[in-house]
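The values are calculated or read from the model by the stated rules, or taken from the named source; none is laboratory data. Just so you know, these numbers come straight off a predicted model, no measurement behind them. Because the Cβ atoms are built from the backbone with ideal geometry, glycine has one as well, and the counts that use them run over all protein chains shown.
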Amino acid sequence: MFDWLKPNDVLWLIPAAPLLACLWIVVVGHVVRRQYAHRPVVVAIAISTALSYHLLLNVVPTGFVERDHGAHAETAAAHEHAEHVDSDTPADAEHPDVPEAHTHAADASGPTAISTTLYEWIRIGSEASPTLSIPVKLRADAMTALMLVMVTTVSLLVAVFASGYMKGDPGYPRFFASIALFVFSMCMLVLAGNFLLMFVFWEAVGLCSYLLIGFWFKKPSAAAAAKKAFVVNRIGDFGFILGVFLIWVTFDTLDFDVLFANPLAIRAIVSQQPEIFTFICMLLFVGAIGKSAQFPLHVWLPDAMEGPTPVSALIHAATMVTAGVYLVARCTPFFILAPKAQMFVAGIGAVTALIAAITALTQYDLKRVLAYSTVSQLGYMFMALGAAGAGTNLATLAVTFAMFHMFTHAFFKAVLFLSAGSVMHSMGDVIDMRRFSGLRSVLPITHITFLAGALALAGFPLLSGFWSKDEILSIVFEATKGTQLHSIKVMFPFTNYHWVIEFTTGTYYTLILGVGLLASLMTAFYTFRAYFMTFWGEQKFPEEAGHHPHDAPPAMAIPLLILGVAALIVGGIAGPTHLYGNYLAQTPGLPAGDHLQPNMLMMGISSVLAILGIGLAYVCYVATPAIARDMKSSMSPLHAFSQSGLMLDYLYLRFVVLPLRLLAQIAEFFDRWVIDVIVDCFGFVPGLFGAILRPIHSGYVQNYAMVMLIGLVVCLVSVLRVLAGTL
Amino acid sequence: MNESLQNLNGAIQLVLPEAVLLASVCLIFFAAPFLVSERGEAPVGLRHRWGWLSLLTLLVAGWIGWNATEMPHTSGPFVADGLTLFVRGLTLATGAVLVLLHWNQADDARSGESHACLLAILAGVNLVAAANDLVGLFVALELISIPTYLFLLLPRRDAPAQEATLKYFLLSIFSSAIVLFGMSYLYGATGTTNLMAIHQGFASGGNLPHNPLVAVATVMLIAGLGFRLTAVPFHFYAPDVFQGAQPSAAAMLSFVPKVAGFVALLRLLVPAAAGETTLQSWMMIPSAVNVLWWLAVATMFTGNLMALMQTDVRRLLAFSSVSHAGYMMVGLVVGMQGSQQVSGISALLYYLAVYGVMTLGAFAILIAAARSNRRIESLDDLAGLSRTKPAMALVLSVFLFSLTGLPPTAGFLGKFNLFFAAWSQGTESSRLLACLLGVNAALGAWYYLRMIGVMYLRDPVDRSDDVRPLEIPSLVAAAGCLLGTVGLFFAPSGLWTHIQSLVR
């Protein structure tokens, strides 16, 4: 029976609802009732959201109860669940409402995942045992459910916000069609049951990102930013697809259930090719670097702020950019076999966190501050993911903490961006913080919500960011206890001289911990720098704002308030109570790990750093603004260095873009003056032959008969000559 | 006496649909003069009645043909094997399209006779496919030729039409003489006019395939029937006649004689091995393969290169039909020796059906898009069609894409099958032929796409208001052809498995 209450029967509806909304707008809503184009989208996302919560409550049999590793009771329960799902299969086949629904429980011995195959997209080879089979298979487990809840909730609130924010824009239906397409793609990315399908929707969210960054495509800067985001992401995607190829070559399958639920097969491959997982993981991580804006490919994200602010909040802060984190978390069974790759992940995360934080210190564009802070926070998440390089026992915790930070970050960064959008809305699209100040009394709601988000981001004690960031710092702290010795051999080209750097895992992670703490201080500082510059000081408006700047209308205010409350408390509810961790641990493929006691040292240090950062910002920007001015003038080269994003854009321009452009010009010259000329010559030849044939089509019937006769004679002679030869 | 009556009865049973067609022809020829006054005036709208009558006739013939059973083994004058039934289905279906195209092309007074001629031509094609005797085959071929002369002249009697008809008449007689010459040699070599007996003579071994008489006969038959295929150098009439004749007549000439020619060649140039049905072991006399190879190449190239030079749409389509004849001859050269999946003959038969819908569809749009003051003649008349008649421009583009051989149209599958058959035969010459086919497909793209470009990128030359009523029969025909062109791409399996069952 088709059962609305059974998660695998409604799985397909989660992405289908936004897709239908998108199609509806493209076909109908684009023409009629344009100003109501947000309605189908909001309704569709609301359906997806409801179903996601339904999935969250039902996908894992034991729910939020702690998972007891190795206990028989758990195994038996999982067995029961598997049988329960299996017993429904024939009933499903009878009922054609779900296209070719095949449900089965994978990995009966551990936590389970549910899946639905909608359609066989690619099959090579026989039906029974295909060489390559790529079904469009939706698969959900605990991690998927948590991601879906986060994605759909934030999407819903942002869509409601955008219905107010985008009002009156000529591209109103186009905007909501793109948003719906994005939600569809993101849900499919999260639900994908194999690597290729995931890659397809990985690209699809990239496409949506491109469409939405360039939403105001008539603005040259927006068009350029969209192009930059797309091109930079391509580099990462190239690594990802190579990684997928390598997985295919190694395992002969791309199916998550087969790959992750089968430790024996993985171990067999490790014994044959010990380094293969390092390669696979590095390539997959290259994909994550691109999508999640990690150094050195993070340069696209700040520019992506050219898009409408709800897009920045949804795609470039809360959801799409976390796809890289999700990818690495999803591939944990691979990463635990590649400690080197994990250390690399942690290193890149730390470098990104630091660079982005330094850059954010001096930005004047409110949205760019938030963008760099997003980059920095994503760096934190990768830092956590990489912490498991110190020992497999940390893997589950590392994934949990990274995913948890992603979860809380989604809420507080979304509220920050939306508040920034609200500021922009009332300031007549001006976002330069030097041109307005003292908005506290003018925009009371926005002020409160921004403050909530800022406190959470800064890691103010007992708020969301505090819990999640503290967990990340404590797992890195755990990792500093590693003792394994590593060495890097630096070769100098053309000489025999080389230089060996030796260090232990502990030293490495200590360094990263230091960076993490420093970045957390800077986070608090730059967040509150932006807050104080915008909302404190003397009241000042740009002339674009008109005379009476007004606060957010209800359509914008309600999502802001909901998100603001969520930003404050969601971390406290789900973090210290281990709700999130216990639930996530039910994901199949995550190794068993121990609990981590709350690390009081780290909590103390990070609280002090957060309050110190906020205090410093207060001193510099409210109490005695002269300090900030003096520091700026006394350290102007450093200031310029930070403001230009450590000159990375300049370096890219100089050493990547310009050489490529030169190459393109050479290629164009070659194409125009060599290839084209050759092609033109080829084009000339048929005309020449045609001109030769033309005269015999004279129009005289006697000529025609003559040529026919000659043709006949030629044929006859040729046949008879052949015949004479054979006789 | 009784026995011969029974034989006659049995033979008529095999060609009942053709008998229906011919009965209708007699009826129209008999009745039509009485409905026209002495001064040549007819009641207004009489042509509609003739049109409906023709469609009805085709429907009845089709219904009878649908219920007919295969009778591959007969010693009588007719056979009804799979090929016969296939050709019958093809001619009756395209015949309906042709009736629709011709609907308003002849005025009321002459409509009856010209519709009767069309039906007679269709019956002739079916009889060619059903013939089991050299004499019967020749008579069937003439049953196509003689009504064609009338069909060319009846709708229009101006000087270009007269010239076109006369050219066709003279050259057609010439080619018929060559065919007859070839048949007489075949008779001389085998001593019988019964095709089944001739096949058995070849199948029983001996020196028959190497007999010089047979070689001469083969060349003569190819040359004579090549006229109907518009194979180079027997194609010369095509551009002049297409230009001079009424568009519906040109549409008929572009397709129907080709069916007759290819089917006659399949029946005549026969087999060297014994088989259940004649097609199963179809194989050409070796000495003729080379001739046909060269003819195919010359036909493809001449058709395409000349089409490149044309500015008159009708001449362009004439040369395009020449080049398509060349493509189909590739299938004939490959014969049964293609791959397991695709033999040359099956590719040829498939292409024949596809070519029918796409070329008739193109003509249908040309007829429907004509303005009140002038027909579509030169490329300039097509300029800006996308703006004046966007739907027609789009549909014509589909047909042109199909003629080019681009997916998602049936023309792509047709060319692909031919290419695949030639390539998988595996000999050097057949692979060269496949490559030349590819080159020619590219050449063809040039002028077809140019037509699309003219329709979409140029401004209309004549901007005067057009008050001509919609040409509904042609539009219905175009819709049917569109369905075939797109449908045979997305769901080719019905037709394809049928063809496979014929030749295997």
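Details
- Residue B:283 meets each of the listed conditions (1) facing chain A (nearest Cβ under 10 Å); (2) modelled with pLDDT under 70 apart from (1).
- For the residues B:334, B:342, B:291, the requirement of being more than 12 Å from chain A (Cβ to nearest Cβ), modelled with pLDDT under 95 and more than 20 Å from residue B:495 (Cα to Cα) singles out B:334.
- Test: residue in region A:328-348 that is crowded, with 23+ Cβ neighbours inside 10 Å and within 30 Å of residue A:422 (Cα to Cα): no
- Of the criteria (1) more than 10 Å from chain A (Cβ to nearest Cβ); (2) of a type in the set (A, V, I, L, M); (3) surrounded by 24 or more Cβ atoms within 10 Å (Cβ to Cβ); (4) closer than 25 Å to residue A:701 by Cα, which one residue B:161 fails: (3)
- Hey, residue B:114 touching a residue at least 24 places away in the same chain (Cβ under 8 Å), crowded, with 23+ Cβ neighbours inside 10 Å, in contact with a helix residue (DSSP H, G or I) (Cβ under 8 Å, 6 or more places away or on another chain) and small (Gly, Ala, Ser) or not: yes
- Spans of helices (runs of 4 or more DSSP H) in region A:630-727 with at least 2 residues within 9 Å of another protein chain (Cβ to nearest Cβ): A:676-693, A:701-726
- Residues (farther than 16 Å from residue A:302 by Cα and either of a type in the set (Asp, Glu) or under 25 Å from the mean Cα position of the chain (by Cα) (or both)) located in region A:625-650: A:630
- Unmet requirement for residue A:590, which otherwise passes all of (1) crowded, with 16+ Cβ neighbours inside 10 Å; (2) in a helix (DSSP H, G or I): (2)
- Only one of A:543, A:478, A:538, A:502 that is crowded, with 17+ Cβ neighbours inside 10 Å and either in contact with an Asp or Glu (Cβ under 8 Å, 6 or more places away or on another chain) or acidic (Asp, Glu) (or both): A:478
- Residue B:143 being among the hydrophobic types (A, V, I, L, M, F, W, C) and either surrounded by fewer than 21 Cβ atoms within 10 Å (Cβ to Cβ) or within 20 Å of residue B:235 (Cβ to Cβ) (or both): no
- The residues in region B:39-57 that are among the hydrophobic types (A, V, I, L, M, F, W, C) and touching a Ser or Thr at 6+ places or on another chain (Cβ under 9 Å) can be counted, and the count is 5.
- Residue B:84 being outside any helix (DSSP H, G or I) and farther than 29 Å from residue B:166 by Cβ: no
- Pick from region B:22-54, criterion hydroxyl-bearing (Ser, Thr, Tyr) and modelled with pLDDT of 90 or more, ranking: nearest to residue B:103 (Cα to Cα): B:54
- Cβ-Cβ under 7 Å pairs, at least 6 apart or on other chains, region A:509-526 side under 25 Å from residue A:484 (Cβ atoms), far side among the aliphatic types (A, V, I, L, M) and surrounded by fewer than 20 Cβ atoms within 10 Å (Cβ to Cβ): A:517/A:605
- Test result for residue B:439, among the β-branched types (Val, Ile, Thr), over 23 Å from residue B:243 (Cβ atoms) and buried (at least 21 other Cβ atoms within 10 Å of the Cβ): no
- In region B:182-199, the residues that are within 12 Å of chain A (Cβ to nearest Cβ) and either in contact with a Cys (Cβ under 9 Å, 6 or more places away or on another chain) or surrounded by fewer than 22 Cβ atoms within 10 Å (Cβ to Cβ) (or both): B:185
- Counting only helices (runs of 4 or more DSSP H) that fall entirely inside region A:318-383 and contain at least 1 residues that are at negative phi and at pLDDT 90 or above, the qualifying elements are A:323-330, A:339-360.
- Test: residue in region B:171-181 that is within 14 Å of another protein chain (Cβ to nearest Cβ), more than 23 Å from the chain's Cα centre (by Cα), at pLDDT 85 or above and under 30 Å from residue A:699 (Cβ atoms): yes
- Residue within region A:693-705 that is polar (S, T, N, Q), at negative phi and at pLDDT below 85 present: yes
- One residue alone among A:180, A:222, A:226, A:204 is over 30 Å from residue A:330 (Cα atoms) and either hydroxyl-bearing (Ser, Thr, Tyr) or in a helix (DSSP H, G or I) (or both), and that residue is A:222.
- Scanning region B:216-236 for residues that are within 10 Å of another protein chain (Cβ to nearest Cβ) and crowded, with 24+ Cβ neighbours inside 10 Å yields B:218, B:219, B:222, B:223, B:224, B:226, B:227, B:231, B:232, B:234, B:235, B:236.
- Residue within region A:139-149 that is assigned to a strand (DSSP E or B) and either modelled with pLDDT of 70 or more or not polar (S, T, N, Q) (or both) present: yes
- Only one of the numbered conditions (1) touching a strand residue (DSSP E or B) at 6+ places or on another chain (Cβ under 9 Å); (2) not in a helix (DSSP H, G or I) is violated by residue A:305, and that is (2).
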